[in-house]
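Single-structure report; data block below.
The values are calculated or read from the model by the stated rules, or taken from the named source; none is laboratory data. Keep in mind that what you see is a predicted model, and the values were worked out from it rather than measured. Quick reminder, even Gly has a Cβ in these numbers, built from the backbone with ideal geometry, and neighbours come from all protein chains shown. Side chains included, ligands, DNA and RNA excluded: accessible areas come from the protein's heavy atoms. Shrake-Rupley method; radii C 1.70, N 1.55, O 1.52, S 1.80 Å.
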Amino acid sequence: MKRIVFLSGGIGSWAAGMRVKEKYGSDDIINIFTDTKKKNDRHPHRGEDQDLYRFLNESWSYIGGGLEWVSVGKHIWQVFEEVRYMANTRLDPCSRILKREAARNWIEKRFAPEEVTLYLGIDWTEEHRSKKCREYWKPYQVEFPLINEPYLSKEDMCLWVERYGVNRPRLYDMGFSHNNCGGFCVKAGQGHFYNLLKQMPERYAYHEAKQEELFLVIGKRFPFIRRTVDKQINYLSLKEFRKLVEKDELNNNETSIDLMDIGGCGCFNDV
Ligand code: SF4
């Protein structure tokens, strides 16, 4: 029986892999990392944060087994252009194509369902996501090692990897709740994008420009940052959102952005 750990480059999937190793040993483990860009693409804002690759390379060997690096050779904006659709919280062709289908294709070519168990980093605070996830991966069997006691917080997991001398992914220290797509995510909320704009304005500008290009290609504006004002829901593009932040600052107003609206991101889990 092979044990396939979906490593995302975040701390949760690493900790899940460590629990698999603690229970079964390393011999049958295969770690799969699905990249959101071509492997040799060095663009600073495409794919994952540079520090994610550092974290992945430094940390995976403590889980042991092998590491398979899977890439369909595209980045998220190429996917949106191909499907002619701006992804959002409800529909995410980016993670479907670059993560879930890429991993499934890799697994199906090599293993029958009875030959492997899949392991995902959903933890005890997200147990509600596990049911849909199990359905999605059928007929393969999926386990969630972090759902079980002893319960670990994200900080517990970061301290765990740091005991091996590996620094936690830098995005956590920069206030990001996840370490996917370099701090960008079509499923993120206003607070998340505010943080991206403040912490990494160049990366924000890259995504803003790509979104404007996409709107031209598909011939309509289809923004996804959800903002509720007086019970009225509006959707803002990255450009409109940035201008709103700048306007507040210009007027010395307290920001009108809901900083608590972080949104969710789980490329493998939100199926
Ligand atoms: S992190 Fe967000 S934007 Fe990136 S692939 Fe996953 S769902 Fe898409």
Which entries in Lys74/Lys138; Lys2/Lys99; Lys74/Lys239; Lys131/Lys220 show an alpha-carbon gap greater than 30 Å? Lys131/Lys220
If you line up the long axis of helix 50-63 against the longest principal axis of the chain, both from Cα atoms, how many degrees apart are they, to the nearest 10? 20
If the reach is capped at under 19 angstrom between alpha carbons, list the aspartates and glutamates near Lys198, excluding any in the same chain fewer than eight residues apart. Glu48, Asp49, Asp51, Asp173, Glu208, Glu240, Glu246, Asp248, Glu249, Glu254, Asp258, Asp261
Descending semi-axes in whole angstrom, ellipsoid equivalent of segment 3-87, from the Cα gyration tensor: 28, 13, 11
Helix-derived mean residue ellipticity, 222 nm - over the chain, DSSP H n ≥ 4, -39500 (n - 2.57), to 500: -12000 deg cm²/dmol
Which sequence of Met174, Met157 reflects their accessible areas, 1.4 Å probe, from the largest down? Met174, Met157
3J(HN,Hα) from dihedral phi, segment 180-189, Karplus parametrisation 6.51/-1.76/1.60, rounded to Hz, x for glycine, proline: 10, 6, x, x, 9, 6, 5, 9, 7, x
How long, wide and thick is segment 2-172, going by the Cα atoms along their three principal axes, in whole angstroms, largest first? 44, 36, 29
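Identify the trypsin sites (Lys or Arg not before Pro) of segment 126-187 meeting these criteria: DSSP loop state and at most 16 other C-beta atoms within 10 Å of the C-beta.
Arg163
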At 7 Å along Cα-to-Cβ for each site, give me the label-to-label distance between Lys198 and Asp41 in nm. 2.9
Calculate what fraction, in whole %, of the accessible area of segment 1-142 sits on carbon and sulfur atoms when a 1.4 Å probe is rolled over the protein chains. 47
Accessible solvent surface per residue of the chain, calculated while the other protein chains remain in place, 1.4 angstrom probe, Å²: 48
Which distance in nm do the two modelled labels at Thr228 and Asp173 give, with both placed 7 Å along the Cα-to-Cβ direction? 3.6
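Between Asn88 and Ser256, what is 0.36 nm times their sequence separation minus the Cα-Cα distance? Round to one decimal in nm.
Length gained, Asn88 through Ser256: 58.3 nm.
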How big is the dipole moment of segment 66-158 about its Cα centre under a simple scheme where the beta carbon of each Lys and Arg is +1, that of each Asp and Glu is -1, and everything else is neutral? Debye, nearest 20, please. 500
